[in-house]
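So the structure is just underneath, and the comments pick up after that.
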Amino acid sequence: MEHSEQRIKIAVQKTGRLTDHSIDLLERCGLKVTKSKDQLICYGENMPIDLLLVRDDDIPGLVSDDVCDLGIVGLNVAEEKRLKLEQDGSKGLFKQIFELEFGHCRLSIAAPDDVEYAGPESLENTKIATSYVAILTDYLNRNNINAEPVFFSGAVEIAPKLGRADFICDLVSSGGTLAANGLREVEVLLESEAVVIQTLAPLGDEKQALVNKILQRLDGVLKVRDSKYIMLHAPRAALAEIRALLPGSEAPTVMPLEGSDDRVAFHAVCRENVFWETLENLKAAGASSLLVLPVEKMLA
């Protein structure tokens with residue numbers, strides 16, 4: 001396969017909680033890929049786009065160094081790299097350009113259940129175990145707290161039990177892992193999700209146009225993620241009540257039914273979940289022949 005300088009390279013997590021979501025999202029944007037023999041690169045078959053499958057911690061660096069044009073990574077990882085560069089006196093050579101609405105978690109400080117916590121001042125003169133030293137250091141500096149971040153990779157939750165730290169700072173989803181280790185969440189430092197980052201190096205008109213097309217398609221896919229296409233028949237007099245039962249719907253298409261003076265066909269895209277109760281309420285309002293279809297993609 002020939003490669004030109006105009007191909008877009010996107011760094012994607014090789015294995016982890018963002019991998020399948022990231023690749024599926026790009027495929028829903030129309031990208032068809034073939035994996036290389038070493039399983040580290042996916043070559044775009046129908047678009048000049050290649051995916052590099054790498055460790056998530058490496059993605060911001062690859063984008064910053066202009067090895068990749070774009071990266072899909074957790075905001076927590078991107079922010080940690082950006083702050084490290086700033087704290088080292090450098091400037092982050094990437095920018096966040098798109099939020100992807102999956103991979104939600106939060107970076108939080110957690111305290112042992114038997115330790116009293118009365119606010120950030122309780123962190124004064126303590127040790128906090130974390131693998132996010134830059135984000136934690138920034139938080140402590142902004143809040144004028146004198147505490148020592150202790151780098152701890154792997155199972156950060158056990159640091160207090162080992163006597164290595166008084167608190168921990170780690171990613172939290174449900175909180176189940178914290179509870180299992182006798183910890184509780186006390187401060188949220190960062191709400192994180194998957195984001196797209198882009199190099200600050202100039203891409204040129206052709207590559208930037210392709211990046212813009214990718215972002216437009218991502219927007220088209222994400223906007224309708226929970227959307228449904230609703231079709232039904234109803235008396236014209238019931239249209240106001242039916243529209244009120246479909247919050248989040250756009251202006252509907254209303255067409256007269258053949259052979260009927262007072263009944264119409266009603267079609268609308270509803271951007272909110274449509275539950276059985278919604279359909280039952282629509283039927284009670286006079287609707288019939290109700291049909292709910294998923295929406296795969298949409299361009300405004």
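Every read-out reported here was derived from the displayed coordinates using simple, explicitly stated rules and does not represent laboratory data. This one's a predicted model, so the numbers in the text were calculated from it and none came from an experiment. Virtual Cβ from ideal backbone geometry, glycine too; neighbours counted across all protein chains shown.
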Proximal lysines relative to Lys81, as straight alpha-carbon distance under 18 Å, when same-chain residues fewer than 8 apart are discounted
Lys91, Lys95
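When DSSP assigns beta bridges and you keep just the ones with both residues in the chain, what percent turn out antiparallel, to the nearest 5? Mind showing how you got there, number by number?
Details: 47 of 63 bridges.
Percentage antiparallel, nearest 5: 75.
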15 Å Cα-Cα reach of Lys223 towards aspartates and glutamates, excluding residues that sit fewer than 8 places from it in its own chain:
Glu99, Glu101, Glu250, Glu272, Glu296
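Express in nm, to one decimal, how much length is gained between Trp276 and Thr34 on full extension, taking 0.36 nm for each residue of separation and deducting their alpha carbon distance. Walk me through the intermediate numbers first.
Values: separation 242, 0.36 × 242 = 87.12 nm, distance 4.05 nm.
Result: 83.1 nm gained on full extension.
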Nearest 10 degrees is fine. How inclined is helix 205-223 to the longest principal axis of the chain, computing both from alpha carbons?
70
To the nearest 10 degrees, how steeply does helix 75-87 sit against the main Cα axis of the chain, on a 0 to 90 scale?
40
Computed lengthening from Asp24 to Asn143, 0.36 nm per intervening residue step minus Cα-Cα distance
38.8 nm
When the distances between all Cα atoms of the chain are binned every 10 Å from zero, what whole-number percent does each bin get?
6, 22, 22, 19, 18, 10, 3, 1, 0
Give the residues of region 224-247 whose amide nitrogen is closer than 12 Å to a point set 7 Å from the Cα of Ser289 in the direction of its Cβ.
231-235
Any idea how far the Cα center of region 164-186 sits from the one of region 256-286, in Å?
48
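Direction-averaged shadow area of the convex hull around the Cα atoms of region 1-143, nm²?
Details: hull surface 44.5 nm².
The directionally averaged projection comes out at 11.1 nm².
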Quick one: angle between helix 133-142 and the longest Cα principal axis of the chain, in degrees between 0 and 90, rounded to 10, please.
90
